[in-house]
Every structure is written in structure tokens, then in C-alpha cells.
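Shown next, in C-alpha cells, is the structure this report addresses.
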Amino acid sequence: MTVSVLTFGCRLNAYESAVMRSTAEAAGHDEETVIVNTCAVTEEAERQARQAIRRTARERPGAGIVVTGCAAAIEPARWARLPGVARVLDNRAKLAHESWGGAAALGAAPRLPDFGSRVRAFVPVQQGCDHRCTFCIIPYGRGPSVSRSIEDVVAEIRALVAAGFREAVLTGVDLTAYGADLAGRTRLGALVRRVLAAVPDLPRLRLSSLDPAEIDAELWRLIGEEERLMPHLHLSLQAGNDMILKRMKRRHSRAAALAVISRARALRPGIAIGADLIAGFPTETEAEFRDTLALVEESGMPFLHVFPFSARPGTPAARMPAVPWPLRRERAGRLRAAGRVNATRYLASFVGRTVSVLVESEASGRTEHYARATLSTAAPAGALFAARVEGCNGTALTAALL
Ligand code: SF4
């Protein structure tokens, strides 16, 4: 039996959970160890993790619960008091062999994280953040920005491809800050160029969330020229009104966000654009909210992650005059509805065209634009096929493998 891992939050947490499972099992842990990898981005994420811990303690009284992740790193004592919790580890300690009673096997090839499938692998290249957006608790849980060396990232991606993975997703807390702490202050664009050159048999390289104010010149060039760099940008926009962006301490304006979207489309026609947006940030008026809604409508962005504002204790935004919760939820609903209209229009534009599909389960996969595709014929997970788009239902395409 294997170690159980309950993961909340982002791709970085998903990756770290896969590493912790492999490391703990290599050190001899089994089903008696339950790892809960928490997230602190919203109150709801913390509530779900606490609920999971109480349920585990009730249903498996003998299990040793190890709690880690951002919420536990920020308030270790509080999480340590929950029933069944044997240990609390911060975000640095959770990946260390010693934390699991093992030791790094000197010279041995690093164990690949156990993602549960061999389709898409998350590859963290950067950790932590040096910014202080007023709503965000992450820097308090993850510390300053730290980048992995290019050689380290290339070695991991080579090993992933050798193990059968067809897509690598570069991820981090503040991905566009990659390299600022490395000798020569390299940038994300240089990393992408090196990975594509050093691992020619990697079919797909994808980027996770980007700060629109920090996309470097080389990355722009690669977005326009590199077929293996997926035509899909997810932007950390957060709002579409300049006063709210200022109060969030973001580094871009509404006009700059729209300019980034137009530039991406000019360089890579048909590119998929997604965005993170917060609805109901403190002090947000109806007029300011409508600017964000208009940004969604004008830009036609099809892939939105919308969050009603969640006050995080200890952040400046938690001390600002709040928008009532029902209004936050209502505004989030209006943004999501506008996003669905965009998604329906965007997906319909693929009907009759040929796309490439990375099969995730027998009858479904993702295109290079990250659109979900339902396949009319079964195919093995991990396979990469050309497919003809026969239709769409507003959230997914239907496609026939060629
Ligand atoms: S850039 Fe801002 S939102 Fe992103 S992790 Fe850093 S502080 Fe948080």
C-alpha cells in the first residue's frame, strides 16, 4: 500500500506532493502515513484541508498525519493542534529526504515524482516571491524568490521524456521572476530556449501563470517562433481597473494588460489566453468592477480562473473596507458567465480544423491550446495525435483522431 497524499492549491503543490510521496515511500513509509499539503490562498482552501485532517483522524485513528504547505508554514502551531497531526513541515523541509527519515542516495538518478500518470509533468523552476501584492499571503508561506539552475531543470525534463512524458509544464510561484537570483540574472525566455534546444524530443512545453508586466523579450520571440512552446498563455491579471490594480500593488495597468494580449495574438494567431481574476477586491465599486467585466468582454479571453476576494489575515487588503460577501460572489458569477461566452466562441473557431491532442484518458485529452477534446475513438493515455475537430459543446471540442 502507498502513502496517501491530500493536495490543495496550485501546480507547485501538486508537484511537491508527487515528490513527497516518492521520497516518503523510498524511506519506507506506507499507508500509515498521510500527508496533507495545504494551501493558504483562500479561506475555503484552508477550511477544506482542516476538514480532511479531521476526517482522516476520525476514520484512520492509527495514521500519522503530516501537515505541510503554505497554510501550515504560516501558522504551524495552529495546524499542529488538529486531531491526529503527528508533524508539521514547512515548504523547504517537506522535500528534504531527512524529513522522511531517508537520505539522498549520492550519485543516484533523482526519483521522478509520481504524478499518478505519465501524460503531463509539472516542473517547478522557481519558488517563493519577492513581490507584495496586497491580497496575497504566498510570500509569507514560501519566502523569497529562488530559481533552480537551468542544468537542473534540463536534467529533470530529459528524465521525464525518457520516462514517457510528452508534455512538461514549467511552473513556480512567480514564474516570470525566474533567474533574477541566478548568476548573470538570466530570464525565463533563456530557460525556455535552453530546454527546447537541450531536449529536442520533448513534443510540448507549456508555461503556467505569467505576470503580464514581466514577460522578457526572448520569451516573446519564442512565443512567436517556437512550435513546441504551446500557444497558451495564462496571465495573472487579477483586475481590469487601474485604481484597483494600484490598491492590489500589481505592476501592470489595464491598458498594459490589453497590450500584452494583443501582442501575443499578433505573434501567435489563435493563441489561447487565460487569466486569474479576483472579484470584489476591497473598495471595488460597481463602476470599477464593470471595467474588469469589460476587459473580459473586450479581450475575449476564453480560460478564466475567477476567485471572489478572500481576506487573508496579515495581508494589507484584509485591513481594507470589504465588499459584502454576497456581492463578491455575484460579481464572480458575472465574470465567469462572460468567460463562458468567450470560451464558446473560441472553441467554435476550431471546428473543421486539425489540432494535436495529448490523450489524458481513453476518450479525452487536451489540444496544444489547452482546450479539452472528447475523442470519438479510444486512444492510449500519453499518446499524441493529430485530430480533426468535428464539433464543440461550449466547454470541450469533439474530435476524430486522424
Ligand atoms: S506576484 Fe503577487 S500574487 Fe503572485 S505570489 Fe507574489 S505576491 Fe502573490
- request: Compute the distance in nm between two label points, each set 7 Å from the Cα along the Cα-to-Cβ direction, one at A259 and one at R340.
  value: 3.5 nm
query: Each label point is 7 Å from the Cα along the Cα-to-Cβ direction; what then is the distance between the points at R221 and E286, in nm?
result: 5.0 nm
query: Can you work out ³J(HN,Hα) from phi for every residue in the stretch 350-355, in order, using Karplus 6.51 cos²θ - 1.76 cosθ + 1.60 and θ = phi - 60°, giving whole Hz and x for Gly and Pro?
result: 8, 4, x, 9, 9, 10
field: Bridge type composition, the chain - antiparallel percent by DSSP, nearest 5
entry: 35 percent
statement: Applying a 4.7 angstrom Cβ cut-off across the chain, unpaired cysteine residues come out as C10, C39, C70, C129, C392
Student exercise, the chain dipole from Lys, Arg, Asp, Glu Cβ charges, in Debye to nearest 20: 660 debye
statement: Sorted by chain and number, the residues with a modelled amide H under 5 Å from that of A275, at a separation of 5 or more or across chains, are L235, F303, L304, H305
message: Under a Cβ-only charge scheme (Lys and Arg +1, Asp and Glu -1), can you give me the dipole magnitude of the stretch 120-346 about the Cα centre, in debye to the nearest 20?
response: 380 debye
task: Calculate for the chain the 222 nm mean residue ellipticity that helices alone would give, adding -39,500 (n - 2.57) per DSSP H run of length 4 or more and normalising by residue count, nearest 500 deg cm²/dmol.
output: -10500 deg cm²/dmol
task: May I ask you to evaluate 6.51 cos²θ - 1.76 cosθ + 1.60, the Karplus curve with θ = phi - 60°, for each residue of the stretch 301-309 and list the ³J(HN,Hα) values in order in whole Hz, giving x for glycine and proline?
output: 4, x, 10, 10, 10, 10, 10, x, 3
task: Amide H neighbours of G240 under 5 Å, at least 5 residues apart or on other chains, H built in the peptide plane: list them.
output: T292
query: At a 1.4 Å probe, what is the % contribution of carbon and sulfur to the accessible area of the stretch 120-346?
result: 57 percent
- request: Kindly write out, for the stretch 251-258 in residue order, the coupling ³J(HN,Hα) from the Karplus curve 6.51 cos²θ - 1.76 cosθ + 1.60 (θ = phi - 60°), rounded to whole Hz, with x marking Gly and Pro.
  value: 9, 10, 9, 4, 4, 5, 5, 5
message: Can you list residues from other chains, or at least 5 along the same chain, whose modelled amide H is less than 5 Å from the amide H of V123?
response: V169, L170, T171
task: Choose one of L267, V5, S236: the residue whose Cα lies farthest towards the positive end of the charge dipole of the chain (beta-carbon charges +1 Lys, Arg; -1 Asp, Glu; about the Cα centre).
output: S236
- request: Between the alpha-carbon centers of the stretch 324-343 and the stretch 220-292, tell me the distance in whole angstrom.
  value: 17 Å
message: Heavy atoms of the protein only, probe of 1.4 Å, neighbouring chains included. What is the accessible area of I273 in Å², nearest 10?
response: 0 Å²
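The values are calculated or read from the model by the stated rules, or taken from the named source; none is laboratory data. Note that the structure is a prediction, hence the values are computed from the model and not measured. As a convention, Cβ positions derive from the backbone with ideal geometry for all residues, glycine included, and neighbour counts pool all protein chains shown. The area values use the complete protein model at the heavy-atom level, side chains included, leaving out ligands, DNA and RNA. Shrake-Rupley method; radii C 1.70, N 1.55, O 1.52, S 1.80 Å.
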